[in-house]
Amino acid sequence: MHDESLFLQAFIYLAAAVVAVPISNRLGLGSVLGYLIAGVVIGPFGLRLVGQEGEDVMHFAEFGVVMLLFLVGLELQPSRLWRLRLPILGMGGLQVLATALLIAALAMGLGLAWTMALAVGLILSMSSTAIGLQSLDEKGLAKTDAGQSAFSVLLFQDIAVIPILALLPLLAYEKADLGGHGPALNPWLQAVMVLGIVAGIIVGGRYLMRPVFRIVAATRLREVFTAMALLLVIGIALAMQQVGLSPALGTFVAGVVLADNEYRHELEGDIAPFKGLLLGLFFLTVGASIDFGLLIERPWLILGLVVALVFTKLGVLVALGRGFRLAWSQTLLFGFALAQGGEFAFVLFSFATKAKVLPESLTAVLVAVVAFSMLLTPLLLIANDRWLQPRFASPDEEREADGIDTSDSPVIIAGFGRFGQVVGRLLLAHRCRITVLDHSPAQIDLLRRFGWTVFYGDAGRLDLLQAAGAAQARLLVVAIDDPDKALEIVALAQKHFPHLAILARAQDRRHAYALIRHGVSLIRRETFGSALEMGIDALRLLGVRAHRAHRIAQTFRQHDEAALQEMATIEGDDALVIARSRQLTHDLEQLLQADGYSISADNDQAWDVVARRGLSRG
Amino acid sequence: MDNANRILVLFAHPALHKSWVNRRLIRAIGDLEHVTLHDLYEAYPSFHIDVKREQALLLAHDVIVFQHPFYWYSSPAILKEWQDLVLEHGFAYGAGGTALAGKKFLSAITTGGQQQAYSRSGANRFAIRELLAPFEQTARLCGMDWLPPFVIHGTHLLREAGQIDPYVRSYRLLLMGLRDDTVRWDGLSEGEYLYHNLERVLGPSPVTDHA
Ligand SMILES: Cc1cc2nc3c(=O)[nH]c(=O)nc-3n(C[C@H](O)[C@H](O)[C@H](O)COP(=O)(O)O)c2cc1C
């Protein structure tokens, strides 16, 4: 089994994912559970398709978490992060502290020495970022109160890993040679390096990345941009590891720094598939690494510990949720999403074994417990969804939906040239939030200098529309100047975001017909409005009074727009088109003759009735 | 319900987002059967009124309601424009202009001023019925039955839903009464509003449809 080629391995993992995830989704179980079960099936206790090398694959796959946090950071402008400081420090801090102490107390009750108990408590206080965030995200709950709280706690845990790594060696039962794990540097020097790297990320992200992105984007080669996005994430992860920090934390900071950047949506679109694949791989390896041997040997011990772990964590989380005034429905969601051991536990347990803090026999059991608790989370979330949430349903759920709408912008404008700009400025003047996508780096640069927030990207790409928030937005304004591309975007949006109302700029009549036939109901021909205005100017110079000229133009517009809709359906048959358009022109003339305030001589006579003619009855 | 009267509510409010009273009124009648709510500022944002369409609407209804806030002792501008354009000679009045004859006309208005202000001794010096004379005479010239108006006074004192609700309920009841022809006209005396004594005026409804 060990000398299989890379391709065969990849084939097994991919096949497992492709088979299991759709089934699990179909059954309403979510992708995480699908991956985990697929992992069990291909693992040593299933079909034995993957074996020992699972460990290495898992280390590789943990990189998915790093990317996940980068993407989370991208969604989180510094100002929003600052607003979350209370939940991060308060909830996160209390969660780690309370859970660690409770578990340590339980462990001492079970007969462990206090040093070991404390180490176990600290390690098990971590929850799984991958499972927690991915499950919430998949259900579209990431932006609810529960989602934000879960995120805050997970972020704190990420930070807490650093002091925990430093603390563990102090709890050793015998002196260990750590062989280079953890920097053996002078702590002062290390602190300086940490600060240096974080400062580097912030300054670099603010000032250096923009020109680099621009140069790369100007090549118009998508894969180069993707390569650069990956390079950025991997580079930061490496640098963080050099100074002994969590790579996830570093990329998170980088994400936050880049959250205001105009290339943000493009970055999101490029990294997201890698994140998804790697996280999937991670779940697969967790599934494959679950030691059913141990479960069969000592079923009650393992099951008892899993239940104890999950309920201890759940208890702490629920207490915190209520303490921080979350609604009950949100508290439960928050609790179930985080009531499991985390991926950090795997790393920390192996570190603790090497550092002679915990004996191998103990960590083997605990690793299995953590893995089982991960397997349990999706099931608990489903139970919560089906049986607990319905009891707390409704009134405040609706308010949450509103919340989502205001935090994201309800309008996406694709193309911010002469046309899109006017639309956008009008909306902004009305304090409506907009997300703008444009494809020309030069144009974006110019707009940025005028203080506009514009994102680089091709609105014809599904992932970019997604990243720009098409799933939450209400309107899509297609204002680009390429008619074929506009049709493409329209078709794409209609297919994947049927809830979006589409407003399209039509280049000319022919383009308008095509858009109408695509089912777009709101179409403006780009030159029609201004041409009409000029028509009014001309009429006025010919001596027509302003109000009348204005009314003529409005009648003309109405007639022409109705004709446009009609002609769109018969275009193609030339004779018919010509005949019909002649008729329409004739109709219009009639209409304009008849229009206006009908004042005529016998009209006036009607007012000059001396005697009541019995018309009125009252 | 087959011989129910069909009611057309021509509604004019140029700043509905700031409205307290009218917004609630229209919300309360939107779902009534045989009642067509026609929001003029929404239909014609640039005052370009489609005369043919409006005339067709008039023909298709039996009761015409002008619902609007009282602006400068009259209606908001679009309703005036509507009258100037839609009530054409030969359609609404004059030779052959009998399209509206026999229909009922109701003014449903809200005023900032309180009722006491609308009297000889009050700040507004004229009673509402006097000020509504142009509407009354317009209706009569077109051969319509002019109904006593539905008036909500002192809107600035109505800032809570609880205070507005009784009026909203009355308005709904009134439209239902007009629709089902259960209004007893002889119960009304000269100078009264249709809001007052609604219980007395509305006979037992043949269709029990409670708001
Ligand atoms: C331009 C304007 C003119 C008004 N003129 C009068 C008036 O002549 N008499 C009066 O009693 N109230 C007058 N008001 C007050 C409105 O009638 C009052 O705000 C309205 O009926 C409230 O209804 P709403 O909450 O639906 O907007 C006027 C208000 C505006 C904005």
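Laid out as a table, the results:
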item: Accessible surface of chain B [probe 1.4 Å, protein heavy atoms]: carbon and sulfur percent; result: 52 percent
item: Considering only the protein assembly as shown, percent of DSSP beta bridges that pair antiparallel, nearest 5; result: 5 percent
item: Apportionment of accessible area to carbon and sulfur, chain A, percent (1.4 Å); result: 63 percent
item: Segment A:411-593: Cα Rg divided by the 2.2 N^0.38 Å rule of thumb; result: 1.18
item: Buried on assembly, segment A:549-563 (at least 40 Å² less accessible surface than by itself, 1.4 Å probe); result: A:Arg551, A:Gln554, A:Gln558
item: Degrees separating the helix A:114-124 axis from the principal Cα axis of chain A, which is the longest one; result: 20 degrees
item: Helix-only [θ]222 nm of the protein assembly as shown, DSSP H runs n ≥ 4, -39500 (n - 2.57) each, per residue, nearest 500; result: -18500 deg cm²/dmol
item: Heavy atoms of A:Val194 accessible to a 1.4 Å probe, total area in Å² rounded to 10; result: 30 Å²
item: Probe 1.4 Å - accessible area at A:Glu561, Å² to nearest ten; result: 60 Å²
item: Measure of compaction for segment B:4-94 (Cα Rg per 2.2 N^0.38 Å); result: 1.08
item: 11 Å cut-off, amide nitrogen to a point 7 angstrom out along B:Ala161 Cα→Cβ, residues in segment B:50-69; result: none
item: B:Tyr71 accessible area, assembled protein chains, probe 1.4 Å, Å²; result: 90 Å²
item: Difference of contour (0.36 nm per residue) and Cα-Cα distance, A:Gln593 to A:Trp387; result: 67.3 nm
item: Cα gyration tensor of the protein assembly as shown - equivalent ellipsoid semi-axes, whole Å, descending; result: 69, 34, 24
item: Most to least accessible of A:Thr129, B:Thr36 (protein chains only, probe 1.4 Å); result: B:Thr36, A:Thr129
item: Accessible surface buried once B binds A (1.4 Å probe; total of both sides; Å²); result: 1500 Å²
item: Net charge over other residues, Cβ less than 10 angstrom from the Cβ of A:Ala217 (K, R count +1; D, E count -1); result: +1
item: Spin-label pair B:Gln137/A:Ala191, simplified geometry with 7 Å Cα→Cβ offset, distance in nm; result: 9.1 nm
item: Across A:Lys139/A:Lys354; A:Lys143/A:Lys354; A:Lys139/A:Lys313, pairs whose alpha-carbon gap is larger than 32 Å; result: A:Lys139/A:Lys354; A:Lys143/A:Lys354
item: For segment B:7-201, projected area of the alpha-carbon convex hull averaged over all directions, nm²; result: 10.9 nm²
item: For the protein assembly as shown, size of Cβ-based charge dipole, Lys and Arg +1, Asp and Glu -1, in debye; result: 1720 debye
item: Net dipole in debye of segment A:411-593 [+1 Lys, Arg Cβ; -1 Asp, Glu Cβ; about Cα centre; nearest 20]; result: 760 debye
item: Label-to-label distance, nm, for residues given as A:Arg517 and A:Val544 (7 Å Cα→Cβ offset); result: 3.3 nm
item: Extreme residue, positive dipole direction of segment A:512-559, given options A:Ala512, A:Phe556, A:Ala538 (C-beta unit charges); result: A:Phe556
item: Accessible area (Å², per residue) of segment B:7-201, counting only protein heavy atoms and a probe of 1.4 Å; result: 42 Å²
item: Heavy-atom accessible area order for A:Arg431, B:Arg120, largest first, 1.4 Å probe; result: A:Arg431, B:Arg120
item: Within chain B: Cβ-based charge dipole about Cα centre, in debye rounded to nearest 20 (Lys, Arg +1; Asp, Glu -1); result: 520 debye
item: With Cα atoms, 0 to 90° folded angle of helix A:247-258 axis to chain A main axis; result: 20 degrees
item: Relative contact order of segment A:411-593, defined on C-alpha pairs under 8 angstrom at six or more residues apart (%); result: 16 percent
item: Residue-normalised accessible area of segment A:411-593, given per residue in Å² at a 1.4 Å probe; result: 55 Å²
item: Cα convex hull of segment A:469-535, projected area averaged across orientations, nm²; result: 4.6 nm²
item: Minimum 30 Å² accessible area buried by the other protein chains, segment B:127-143 residues, probe 1.4 Å, relative to alone; result: B:Arg140, B:Leu141, B:Gly143
item: Heavy-atom accessible area order for A:Lys275, B:Lys18, B:Lys80, largest first, 1.4 Å probe; result: B:Lys18, B:Lys80, A:Lys275
item: Inverse mean reciprocal Cα-Cα distance (Kirkwood Rh) of segment A:19-125, Å; result: 17.6 Å
item: Occluded residues from segment B:23-53, i.e. those whose accessible area drops by 20 Å² or more once the chain is not alone (1.4 Å probe); result: B:Ser46, B:His48
item: Where labels lie 7 Å past Cα in the beta-carbon direction, separation of A:Ile234 and A:Ile215 in nm; result: 2.0 nm
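The values are calculated or read from the model by the stated rules, or taken from the named source; none is laboratory data. Computed from a predicted structure; not experimentally measured. As a convention, Cβ positions derive from the backbone with ideal geometry for all residues, glycine included, and neighbour counts pool all protein chains shown. Only protein heavy atoms, including side chains, enter the accessible area calculation; ligands, DNA and RNA are left aside. Shrake-Rupley method; radii C 1.70, N 1.55, O 1.52, S 1.80 Å.
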